[in-house]
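**Q** What follows is a single structure, and I will ask about it in a moment.
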Amino acid sequence: MTTEPSQTPGTGAGERSLWRELRQAVGGSHQDLTEGPLGRAILLLAVPMVLEMVMESVFAVCDVFFVSRLGADAVATIGLTESLLTLVFSLAIGLGMGTTAMVARRVGEKKPQEAAQVAAQAVIAALIASIVLGIAGVLTGPAAIRLVGASDEVWILGSSYARILLGSSGTVVFLFVINAIFRGAGDAAIAMRVLWLANLINLVLDPCLIFGLGPFPELGVTGAAVATTIGRGTGVVYQLWVLMTGRSRIAVSWSQLRLRIGTMLRLLRVSAGGILQVLIATCSWVALVRIIALFGSTAVAGYTIAIRVVIFSILPAWGLANAAATLVGQNLGAGKPDRAERSAWLTGGYNMVFLGLLAVVFVLFGESIIGLFTADPPVLAIGVQCLRIVSYGYLFYALGMVMVQAFNGAGDTMTPSIINFFCYWLFQIPLAYALARTLEMGPRGVFWAIAIAESLVTVVGAMVFKRGRWKQRQV
């Protein structure tokens, strides 16, 4: 009598156990992340964080998908306005880094009241930033898109869009900051549900408000801004409801929503390095686009398509990296620096497996992937070249992004900023120009500069991480 392989003892049980873990990860878990198997802790955090990162990208994709039916000027309106949101995202992401680090440390120390105090200061900081950014957006939105190159047609079409989206940019700040609170506390599933809710509302309202379906007014491109604002705003309301009613690991009371100078200054100090990180990286990408633009619109188009594919493909990897930040912060707070370090290396290993496999797909099927976005042979050729060359460094990127988030989770946000400054501004940009222009490699030189510089960031980051000074960082 023989036993079918699928029925062997342990196999079914193992599959059931994995499904239980996945359901628990999506549904939310209150496991102590400073105890037990690290692999399970990474799974419980990474699954909802990966899904959260995917949801974060859906806003722009959804808007562009529907607005593209209105013509090139409408799409240009979205592109120019999003370029103005760079500062907002830099501020929101940086403040979120500081928030995650400090909340995770207090949770690891088993000090829930102090974690709630940090969360309250983060909410106050987000509120102040939202008011300032909102007023500036309403007053200067139309003039701002003119400043970044809007034509007369785009300016007429997109002024209301820019005013609404920039005026409501505070919702972006709140989404990032409060989700950073949830992630730092280990409530990654709540952060995921926030983005699900916001995106579902945006997805439903977008076509209704853009095209005037049913009882809704036809607002054109302005409708996309209204839909996005309502979606994000609803997500923020849900965040605050969860945070203020004790439905997460951290409960913030109304009495805690008062300024605590010491805590606020520590939060801003840690967040400053995070903001600087994002700004340095963003400015570097802008410089690379300027170099590629020297070779014409075809080169820019191919590069843009390839990089968009790259960004979307590595979103799950950023989810894993965010899991490392929470694990490092909480385990440092629990007085377990060795476990914190192991969590970073183990997460980095998982990430390398994922992106390594993805790199193989891009190298083998790059032409088919880029072909989904363009049928123009010159654009296709440059896009495929970019995708393949950049993917050669995926194993390095996989470890590098985890190292960066591990530093951030420890509250050492300045170290990645310094590494970024030297590797991007003092190395990547000059190398890209030298390869592209001096050595006459054209756009291919820029692509190689990206792969080389990103790999250098990883090597330097891993060496500094291994020295372990981040373990003594106080936040």
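**Q** What share of all Cα pairs of segment 94-143, in percent, falls into each consecutive 5 Å distance bin?
**A** 5, 20, 21, 17, 12, 9, 7, 5, 3, 1
**Q** Between M403, T374, A449, whose Cα lies farthest towards the positive end of the dipole of segment 332-451 when Lys and Arg beta carbons carry +1 and Asp and Glu beta carbons carry -1, centred on the Cα centre?
**A** Value: M403.
**Q** With the alpha-carbon atoms as the only input, what is the per residue convex hull volume for segment 319-475 in Å³?
**A** 104
**Q** While we're here: Per Stokes-Einstein, at 37 °C and 0.692 mPa s, what whole-number D in µm² s⁻¹ belongs to segment 232-384, with the Kirkwood radius over Cα pairs as the hydrodynamic radius? Present the calculation step by step, with values, prior to reporting the outcome.
**A** Working: Rh = 19.8 Å.
Approximately 166 µm²/s, per Stokes-Einstein.
**Q** Based on the mean of other Cβ atoms within 10 Å per residue, sort peptides 322-330, 173-181 so the most packed one is first. Show your work: numbers first, answer last.
**A** Working: 322-330: 30.7, 173-181: 26.8.
Per-residue mean Cβ counts within 10 Å order the peptides as 322-330, 173-181.
**Q** Among the lysines, which have Cα under 25 Å from the Cα of K110 when same-chain residues fewer than 8 positions away are ignored?
**A** Partners within reach: K336, K471.
**Q** Now for a separate question. Let's test the formula: R0 of 25 Å, r as the Cβ-Cβ distance of R290 and V138. What FRET efficiency results, to the nearest 0.05?
**A** The computed FRET efficiency comes out at 0.25.
**Q** Send over the per residue convex hull volume for segment 397-449, Cα only, as a whole number of Å³.
**A** 58
**Q** Using a cut-off of under 20 Å, list every residue of segment 163-190 whose amide N is near the label point 7 Å from the Cα of K111 along the Cα-to-beta-carbon line.
**A** So the set is 181-187.
**Q** Let me ask another. Report the normalised scattering of segment 307-367 as log10 I(q)/I(0) at q = 0.25, 0.27 Å⁻¹, calculated by the Debye formula with identical scatterers on the alpha carbons.
**A** -0.96, -1.04
**Q** Among 254-266, 86-98, how do they line up from the highest to the lowest mean number of other beta-carbon atoms within 10 Å? Please report the intermediate quantities before stating the final value.
**A** Values: 254-266: 12.6, 86-98: 23.2.
Output ranking for 254-266, 86-98: 86-98, 254-266.
**Q** How long are the three semi-axes of the equivalent ellipsoid of segment 136-273, in whole Å, if each is the root of 5 times an eigenvalue of the C-alpha gyration tensor, listed from largest down?
**A** Value: 33, 21, 11 Å, ordered largest first.
**Q** Something else: Under the 0.36 nm per residue contour assumption, what length would be gained going from the current alpha-carbon distance of E35 and S17 to full extension?
**A** 4.6 nm
**Q** Where does each of 233-245, 197-209 land if you order them by average Cβ count within 10 Å, highest first?
**A** Numbers: 233-245: 18.0, 197-209: 19.5.
Highest mean packing first, the order is 197-209, 233-245.
**Q** Have a look at the chain and give its Rg and Dmax from the Cα atoms, expressed in angstrom.
**A** In order Rg, Dmax, the Cα atoms of the chain give 22.7, 81 Å.
**Q** If one computes the Cα centroid of segment 315-347 and of segment 67-122, what distance in Å separates the two points?
**A** 20
**Q** Find me the longest stretch of the chain that has none of the exposed GluC sites (Glu not before Pro), where exposed means in a DSSP loop (not H, G, I, E or B) with at most 14 other Cβ atoms within 10 Å.
**A** No qualifying site falls inside 219-439, the longest such stretch.
**Q** Can I ask one more? With a point put 7 Å past each Cα toward its Cβ, work out how far W196 is from F89 in nm, to one decimal.
**A** Label at W196, label at F89, 2.5 nm between them.
**Q** Right, something else. Viscosity 1.567 mPa s, temperature 4 °C: Stokes-Einstein D of segment 75-177 from its Kirkwood Cα radius, in µm² per second?
**A** Answer, rounded: 88 µm²/s.
FYI, it's all coordinate maths here, none of it is from the lab. Treat the numbers as computed from the prediction; the structure is a model and nothing was measured. For neighbour counting, all protein chains shown are included, and Cβ atoms are generated from backbone atoms with ideal geometry for every residue, glycine included.
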